[in-house]
Each structure stands twice: as structure tokens, then as C-alpha cells.
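Since every read-out is calculated from the coordinates, none of them should be taken as a lab result. All values reported here derive from a predicted model rather than from experimental measurement. All Cβ positions, glycine included, derive from the backbone under ideal geometry; neighbour counts span all protein chains shown.
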Amino acid sequence: MDGGKVTQGRTAGLYVGAAVLRLAIFTLLPGLPDLLTGRVEISTPVTSFKRLQEGLFLYNHNVSPYDGGVYHQAPLFLPLFSLLPSFSNLPIFTYLLYIAVDLLSASALWKIADSGEAGSAALFTSPRRDKRWSGYVIAAVFLFNPFTLATCIGRSTSVFTTCAILHAIAKAVSGAPFGALVALSFATYLSLYPLLLLPPLALLCYDRQRPERATKSAAKFTSICASVVAGVLGVLFGMSYLITDSWEFLVSTYGIQLTLSDLTPNVGLWWYFFIEMFDSFRAFFLGVFWLHLSCYVGGLTLRIRRQPLVVLTLLLGIFAIFKPYPSISDTSLFLALVPLYRHVFPLMRYTFLAASVIAYASCLGPAFYYLWIYAGSGNANFFYAVTLVWNLGLSLLVCDLMFAVLRDEWEVERPEMAGKEIRQI
Amino acid sequence: MRQLCPALLLSLLSLCVFPPCAAASASAAADYHEQLVLRPLPLSALLASFNFRSNTTVSEFESGNFRFFPRSLGQILQHAGTRELHLRFSLGRWDAESWGSRPWDGAREGGTGVELWAWLDADTDQEADHKWLTLTNALSGLFCASLNFIDGTRTTRPVMSFEPEGDHPNTSAHSMQLLYGVLPHEVVCTENLTPFLKLLPCKGKAGIATLLDGHKLFDASFQSMAIDIRPVCPPGGECVLQIEQTIDMVLDIDRSKRPRDNPIPRSLGGHELLCDTSKPYHSHDTCFPADQDANQDWSLSQIFGKSMKGTCPLADPTVPPVCLQVPESRAVYTIDGAVEIKSRDSRCFQISPESDLELLLPPPGDEAQDGAAADILPPGTPPLYAERSFTGYGQERGGVQTILRNPSPDTEVEFVYMESLPWFMRIYLHTMEARIAGHPAPSPDNHPLIQQVYYRPALDRARGTQLEVRMRIPPAATVFLTYDFEKSILRYTEYPPDANRGFDVAAAVITILDPQRNGSGRFAAYTIRTTSLLCSLPTPDFSMPYNVIIFTSTAVALAFGGMFNIMVRRFVAADEGSEGGLGALRGKLLGRLGAVAGRFKGNQ
């Protein structure tokens, strides 16, 4: 599975295959896209395509979509989708857009994989780096991952965030800090949480600067990064203001992520916790949950300073578990980056357990949701229990990857320990 | 003396101790009248419409001289700056398919529960909201209803559906704000009737109001209590403030005739059954029950449980207190002394103030059976039939479907359809569609069904959805108006105690626009309220907030703890470093103990 020789033909074949598969699902199973759009595992209040359509409808009829409780997505989606031919008449253009975004994400992933950054970062070279999968395999794993496919067919707008994040990383490893920061700003603009990726991404950019244009001073580089992101975000917010003529979109788009006012079930841990939370403690626990989400950034960035791409991967895994409105789209982004660490797979201890837990939760989740919402023979605890299992499985995977990467780092200092029993004190 | 006299009279009136004196003043003013209209309906139903109306001039009202106007309500109106007020308490459903068009053309009807709309004198929205809060809280106390629960989420500001009924000077028209609130969950009952009767000049002690009894009123198939207050300016005269109190009830005659001490219905003996003899299988031992139209014999005391106690001495004596809408051929017996005044389709009865009134309608004779339905007046055809229901299943999403039928063979009907929905029903306006039954495609472009839409989306926990659609339906067509919605899940403290019963969704208000409307004519030709709906939302498990908090926190702690552990601890080979676990703890403890023991020894 090392990929072998990648020719132009095989590249094109992979992309065409992925595109044809998606188009075939769109056209041959016309009921499936709407079914998947309605699934809580795929569409969250901040990414749902149906809500996007409603926002678009209101926007085209001169009602502010932000003066309501349905549309919570970034304002720039509105002119983008208005430019496309109407979805109800010519859905094919929307499908093509979503397919193109998936292919763009895959090509970014391919670049990341081919750079070899996962095995040999600027400050660290893994002794196992030769054992890796080619970009072809990694892009194929991403494109044919059922979670990615379901997200694309469900037309969740999180694919745009995924694409922006992957491009930010791809630009960073190829020594284009400006492009990386612009892409990250776009991701932040679309769904807020990618802002937390800024420290490791800035480090990655710093490590991978082109020697001829390198900024040596870390403080200077940090301030440049911060100002680029702030500038791009400022421009995006300004454009949004021009589009909607008010700042209402800030509260509606980002406020909902901060306050979790919409408690629609999803695969995450927040919704049921805040349904059952006592009113007087709600604000406190919102603060705690956000603090918990952001506390990993500093710790991981410092501890795994030598491999910023690992930090980015682990953070994406953590976000897929702990962000306010996670969906399987976030999991698919994390799972897209995990195969980059093929070289540390032998060091992972619980892969089988984690994989079975994730598979178990993916099968049982829809079933229990059905029992609760439709059959009425189960209650909310059924689905809640499955989301707990799902998140525990994912966190097991994240922990295990972290362990493997750290052990890999440690074995550089202690090469004689390879393959031996170890423990942590 | 002129100023003293009315005040004195008023205090006497409120005590109601000197009827002759009061009667003298009433005849002088003639500003109060009351009337009960009884109209038998098909399927052995009887519509009883009570109407009480009194006027007071605006100048007297403003100087605090309320006359027949209830003081308690008048002071609330003055305090809250209310120009016009409409309040409805309703129960049940008007069955238009069998009972025909509605009393008062639907203008005195409300949706199930409580409905309130008022024009308030306010320059800004904040001022209007403040006055609205004052008004709803005061009315809540006055009528023993939960009107104080009409908060921001249940208040809308309709744009197309309502227009003031009264005459407002043009100068004040622009500073009036309309607010509309509805409580579909409110159960209307006796505690609302008592304050309603107390507003009447005769307080339910005399006149037609003596027939109003909670046991009968709230046992009716349909009942609607209405209070309308509006300024009326007759041409050339002084403006008056008019309060009109209306009660419409549809009684099931058979049910009402059951004795109160033995209300359980018993099956009739074979010889008492009324059979439909036109059925082919009819024979001496098979019987298809016939419609009960033919058996409408009843008396006032059977229906209302008592006879009418005199007339209200304050009422205008020229208005007959009771009218009966039955064909002239129908026999009606009354007590002696009652004078029957016949007009077209209406037979009114005038009695002396002290005598009780009793009406008795005997079973129609055989000659009436020949001419079909000669014993009741044929019900009128309403301009539109409307029916609203939920579609879909499950507690995640659903749809609302309204079936609107224009029965007229040659006139099209134009109306405004208004919904005020709770915020937790997130409607998707882009799915709204109107189509004519039998046409597969949505409405043809050359004749759009939907003329205009006013939509104000809901904001979570702050505001409900307001949807007003102006539509036009061609003659003899049935239109389906549908849209999708999503049910949101609430915080567990936001559910009522009976969470699995569901949430009431207020009735849609359909205002049929008057086609012949000119400048000052009537705005609404007819009004329809659909039934209210019951929307069941997904519910969390209410019994386990602690468990959920603990489980989720455990999952978070496991993930955080696992990562923290891996990040901060050093790697060593399995056989290196200090011992961990229990052994290490034991060693540490022993070491400490040894040290303490050593110190102890040293001291000695």
C-alpha cells in the first residue's frame, strides 16, 4: 500500500473516480441527499444545507436572515450560492460545487502528504519516516471515506471549512505563510473554531519559511501572523457588513457557537449537557467548556513543539470531540490526517479498540436516534449514550496517536528502546 | 347638583338596590342594550348568541365618569393608553361543514384559548411594549386568566390581518400600535366567566345574563366570549366609547337536556330510536340512526337549566331581550305576558321587567316532516372553508398543511392567512407552497395564489414566528398551503410539567377581505379561526440532570486526563526508574513512619 509510482493518469483517475462516484449518488439516488441533509450526525445548526437554503431564500427576498433563529452561517455563503443557478431548478451546479470542494481538499491533502512533513519536520526527523503512504493513498482514503462521502452528499457547509483548513496546512508546509494564514482566516470566518489552530499553524509556517525570505525573529513573525489574520478577518467582516448592512451576523453566526442557544442533537457532548444543565450554572459551564476546548492549544503546542503538524492533527481530533456543534465532517477531517502518521502506527496500542468503538457508535447512533425520535421506544438517553461512546472512542484514538508520536520522539534519544516495553512516570 | 346626580346614580347603580331609580336613568340614557339570539342548527345543535353593548361618551370617560362602562376595565384602559381592545376566550370548534357560516361573520370569535389584540397609544416600540405589559398584567388579574404569560415570544404585530374597528381621528392614527397576543394553552373556564359577568350593569342578576351558567357554557360544543372596546363617532354626534360583550355558544340539545343529577347518557329503547327509513336495509329489527334535526324540541329551562329572570332594568326597553331564529311555521309557546314581534326569519319576545321568560318549542308536527328541514332555518354558506393539520411523523420535523376551499361557484375569494407560531417551531419559508388540488404543479404563473407574504422569523427564546400571506383563491377551488418546520429541543427547564402532551400552536387567523371595500367601509368581510394544533417536541430525560452532568464530565475528564497524562509524564523503560503504584506508596509510607519513629527515639 505504498502507492508505487504515481502517474498523471492515476491522479486523474482518482479524482475522476471520486467525482463520478459522488455524481452517481446525487443523480441515481435523488432522495439520499435530502435524507442525509436531515441527519443530525451530518448537519448541525451551523452547517445545515437546509438552513442555508432558508437563509438564501430570505436573503433573496430582502429579509435579513440573521434576524431569525434558523440561519447561523457566514454571510459570504449568501452571495456565493445566489450566484449559482437556483438549487430547486438546477441542483447539478450545487452538486458540482460540493464535488469540486472535496477534490480541492483532497489535492491539498496530497500536497501535505507528499511534503513528508509528518515524518520529517524542520526540527525533528523520525527514525521511522521511510514507512509512509503516498499522497495518492492518503487522498484516496480521504475521498472514499464514508464520513467524507456522507458529508459531501449531505451538502454540509463544513466542507468549505475543511477545505480551508487543509489548504492552510498545505500552504504552510510548502513555505507560503501568507497563503496559509489567509486560508486559516477563511476557515475562522466560516466556523470560528479554526482560530485556535493559529499558534501551531504559525509555528509550522515559521519552521517552513523559505530561506531566502525568512523572518528570523519569532516575535516579529508572530506579530506578522496575528496582523495578517486580523487583517483578513477584518476585510471578511467588512464585506459581510456590506452584504447584510448590519452587524447582526456576528451574534447570529458566532454567538450561537459561544452560547449554544440551539440545542439540536449532534454527535458532540455539549447538547445534552446543556439541555440538562441548571439555568444558574449554564453560563459558568459554557465558560468551562470553551476554556477546556482552548486549553489543549497551548499545552500541545509547547509539548510537541518540534512537530507542529502533529499538533494540528491532534487539535483537529480534539475539536471533532469537544467543539460546540461537531459532526462527522470534523471526524472525517481528523481521519484524513491520521494516515499521514503511518510510520507511528506500529507504536499505537489501542487501534483495534478505537476502530471498533467508532464503528460500533456509527452503526448504533442512527438506530438509537430512530428509537428516540421516531419509534418512541427509547428516550434521549439512548442517543446520548451512543454519543458518549463515540467521543470516548475518538478520544482514545487521539490519545493513542499522541502517545505514539511522543514515543517516536523519545526513541530518537533512546534508540535502544525501540520495540521494548515502556512505561510513563 | 348636575354634577352630583350622576355620581350618586352611579353609586346606586353599582349597588343595584333601587331598580326603579336605575330604570329611570337607563331610559333617559338608553345607552345599554342586551339581546339573546337563539338559532337552532342542524344536527340538534343550538346557537345562543348573547350580546351586551353599552356606550359612554369619550369626554365623560376621560373625566372618570364611567356610567355603564365597567370602571375596573375603564381604569385599566386609561392607565395603559389603550385606544381599542379586543379580548377573546374560546373553547371548542365551529363546525362550518354542518353549522354553516359563523355568528357575527366570525368577527366576535377567537381561537382556542385566549386571544388579545389592542391598539395602544405609543410613539415608539419600547413604549408600546411597556404599555402592552401593563395591559396584559392588569387584564390577567381582572379576568383570572394567564394573560400575563403573553410575553415577547407570544406577541406579534400583525401587518395585514387587522384594522381598527372603531373611528379614530386621523391625528392619532399614526401613533397607534397594534399588538396581538395569543395563549392557545389557556383553558377557559368558570373563573373567566364570573369576571366577565361582573362587567355587566346587571351583573348576571337580571335579564338574559341570568341564563349564563358555567356548567352549561363550558359544556357547549363551541363557545366564545368576546369583549370589544372601540370608540365610535356617529356622524354629527359626540364620540362614544363602546364596550360590546358577546358570548356565542353552540349547545348540543340532547346533551343539555340530560338531567344534571343523572348526566350519564343511556341507550334508548327500541321504540324511541329515530331511524332513517330511506336505507334499503331498514326493517323492524335494523335501524340506521337518523340525523337529529327532526327532533328539536326544547325549552329555555331545559337548555340553560333555568328560565330567564326578568329583564335588566337598565337595558334599552325597546330592544326585545330574546329573539328566536326559526321558520315562521314553527310553533313556539311562551308564558303569558310575553309579546311576540315577528320580523323576517326572526321572532323576538318582549316581556315585562319583573316576569320570568320561558320558551318552549314542541316537537315539529308531521306536516313539518314532509317539507325537508322546515323546522330550522337552512345554514348559510361561509365564503371559505379552512382546515389546518400537521403532516409528517416523528419528533424531529414536520409540516403544516392548510386546506382552503372556496365553495362559491363564481366568485374568487381574497384573504389574509396569519399564523403566529411559537419560536420552537422553526419554519422553513422556502418550502412554503400553495397548489390547487388536482393540479400537479404549483400554482400557474398567470394566476398566482399567493399575492403577498409578510414574514418575521422567530428568534430563539425572544420572539415567535409571524407569517401573513395574502392569497386569492379562484371560484370552486381547493387550495393546499403547505410548509415544513423543524422541532427544536428545549432546555429541560423550559418544558411544562406535562411535556409529553405537546405544545399548543395557536389557531391561524383567516381574514377574508371585503371586495366592495371603499374608503371607510368594512375591512374584513368574514373571519375564520382554524383549530389549534398540538405539536410534540422531542423531550430529554427529565429525571437525570445530575447523571448527565456526571457522565459528560466523566467523558471529558477521561479524555483530558488521558492526554494530560501522556503529555506530562516521562517515558522510561519498563524496568527503569522508581517504582510506581501501590508499592511506591507503601515504600513512601514506611519510610515516613521510619523517620518519625527515628525522631521519636532520638528525642528520648
Using θ = phi - 60° and the Karplus relation 6.51 cos²θ - 1.76 cosθ + 1.60, list the HN-Hα couplings for region A:406-412 in order, rounded to whole Hz, with x at every Gly or Pro.
5, 5, 4, 5, 5, 5, 5
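Short version: what are the Cα gyration tensor semi-axes of chain B, square root of 5 times each eigenvalue, largest first, in whole Å? Mind showing how you got there, number by number?
On the way: eigenvalues 711, 223, 161 Å².
Equivalent ellipsoid of chain B: 60, 33, 28 Å, largest first.
Please give the FRET efficiency for residue B:203 paired with residue B:385, using the beta carbon to beta carbon distance and R0 = 25 Å, rounded to the nearest 0.05.
0.05
Express the relative contact order of chain B as a whole percentage, based on alpha carbon pairs under 8 Å and six or more residues apart in sequence.
Reported as a whole number, the value is 15 percent.
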What does the charge count around residue B:349 come to, taking other residues whose C-beta lies under 13 Å from its C-beta (Lys +1, Arg +1, Asp -1, Glu -1)?
-2
Computed lengthening from residue B:480 to residue B:411, 0.36 nm per intervening residue step minus Cα-Cα distance
23.0 nm
Can you tell which of A:233, A:184, A:204 shows the greatest fluctuation in a Gaussian network model of chain A with Cα springs below 10 Å?
A:233
Taking chain B and counting helices only, DSSP H stretches of n ≥ 4 at -39,500 (n - 2.57) each over all residues, the nearest-500 ellipticity at 222 nm comes to -6500 deg cm²/dmol
Net charge contributed by nearby residues that have their C-beta within less than 14 Å of residue A:391 (K/R +1, D/E -1)
-1
Would you mind pulling out the separation of the Cα centroids of region A:188-248 and region B:78-153, in Å?
54
Scoring chain A by relative contact order with C-alpha pairs under 8 Å, at least six apart, yields a percentage of 19
Inter-chain shielding metric for A:69-77, i.e. average beta-carbon neighbours from other chains within 10 angstrom, reads 3
For chain A, what does the helix formula give at 222 nm: sum of -39500 (n - 2.57) over DSSP H segments with n ≥ 4, over the residue count, nearest 500 deg cm²/dmol?
-20500 deg cm²/dmol
By what distance, in whole Å, do the Cα atoms of chain A stretch along each of the three principal axes, largest value first?
66, 53, 53
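Can you give the mean number of other chain Cβ atoms that lie within 10 Å of the Cβ atoms in peptide A:278-289?
Partner Cβ neighbours, averaged per residue: 2.
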What order, most packed first, do the peptides B:482-494, B:544-556 have when packing is the mean number of other Cβ atoms within 10 Å of each residue?
B:482-494, B:544-556
Convex hull volume per residue for region A:192-346, taking Cα atoms only, in Å³
160
What FRET efficiency, computed as 1/(1 + (r/R0)^6) with R0 = 60 Å and r the Cβ-Cβ distance, is obtained for residue A:295 and residue B:266, rounded to the nearest 0.05?
0.20
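Under the definition of Cα pairs under 8 Å and six or more residues apart, what whole-number percent is the relative contact order of region A:292-364?
21
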Count the lysine pairs in chain A whose Cα atoms lie under 25 Å apart, taking only pairs 8 or more positions apart in sequence or on different chains.
11
Number of Lys-Lys pairs in chain B under 27 Å by Cα, sequence gap 8 or more or different chains?
20
Mind listing the phi-derived Karplus ³J(HN,Hα) values for region B:85-94, rounded to whole Hz, using 6.51, -1.76 and 1.60 with θ = phi - 60°, and x for any glycine or proline?
9, 9, 10, 10, 10, 9, 9, x, 9, 7
Connecting every pair of Cα atoms under 10 Å apart in chain A and solving the GNM, the largest mean-square fluctuation among A:88, A:107, A:185 falls on A:88
Given 37 °C and 0.692 mPa s, how large is the Stokes-Einstein diffusion coefficient of the protein assembly as shown in µm²/s, with Rh as the Kirkwood radius over Cα pairs?
96
Applying the Karplus parametrisation 6.51 cos²θ - 1.76 cosθ + 1.60 with θ = phi - 60° to the phi angles of region A:50-64, what ³J(HN,Hα) value in whole Hz is obtained for each residue in order, glycine and proline being reported as x?
5, 5, 4, 4, 5, x, 5, 4, 5, 4, 6, 10, 6, 10, 5
Under 5 Å, built H, 5+ apart or other chain: amide partners of residue B:504
B:535
Per-residue mean of other chain beta-carbon atoms within 10 angstrom of the beta-carbon, peptide B:537-545?
5
At what distance in nm do the modelled label points of residue A:250 and residue A:213 sit from each other, each positioned 7 Å from its Cα along Cα→Cβ?
3.2
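For residue B:534 and residue B:171, FRET efficiency with R0 = 51 Å and r from the beta-carbon atoms, rounded to 0.05? It would help to have the intermediate numbers written out before the result.
Numbers: r = 45 Å, r/R0 = 0.89.
Working from the Cβ atoms, E equals 0.65.
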On Cα atoms only, tilt of A:158-173 relative to the major axis of chain A in degrees:
30
How far apart, in nm, are two points set 7 Å out from the Cα along the Cα-to-Cβ line at residue B:306 and at residue B:215?
1.0
Estimated translational D of region A:1-103 in µm²/s (Stokes, Kirkwood radius over Cα pairs; 10 °C; 1.306 mPa s)
101
Would you tally the net charge around residue B:475, using a Cβ to Cβ cut-off of less than 14 Å, leaving residue B:475 out, and scoring K and R as +1, D and E as -1?
-1
